[in-house]
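In what follows, a structure is listed as structure tokens, so that the remarks can point back to it.
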Amino acid sequence: MHSASPSDLPCAVCGCLEIERDEVVDRGAHWRLSECCRCSHREVRRITVPLRAVLEPPAVSAA
């Protein structure tokens, strides 16, 4: 069963679940832009990305 994540929340204004989402990186910060398809309410939310995940390449396991 699909569990709701924070990005699956309905529109804060009209409660519509049809929301277009886009992710943008600006000056090193990650932002999630959401716009409701029904009432056009827009929300911008900063996404925290672990610095280690950005700076260190994924470990390659030797088989």
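Every number in this text was worked out from the coordinates using simple rules, so none of it is lab data. What you see is a predicted model; the values in this text were computed from it and never measured. All Cβ positions, glycine included, derive from the backbone under ideal geometry; neighbour counts span all protein chains shown.
Figure the gain on full extension for Val24 and Thr48 (residue separation times 0.36 nm, minus the Cα-Cα span) and round it to one decimal in nm.
Extra length available between Val24 and Thr48 comes to 7.4 nm.
Fewest first, what order do Arg21, Arg46, Arg27 take by the number of other Cβ atoms within 10 Å?
Starting with the residue having the fewest Cβ neighbours, the order is Arg27, Arg46, Arg21.
Once amide H atoms are placed 1.01 Å from N in the peptide plane, what residues at a sequence separation of 5 or more from Ile47, or on another chain, have their amide H within under 5 Å of its amide H?
Amide H to amide H, under 5 Å and 5 or more residues apart or across chains, Ile47 pairs with His30, Trp31, Arg32.
Expressed in whole Å with the largest first, what are the equivalent ellipsoid semi-axes of segment 10-49 derived from the C-alpha gyration tensor as the square root of 5 times each eigenvalue?
So the three semi-axes of segment 10-49 are 22, 8, 7 Å.
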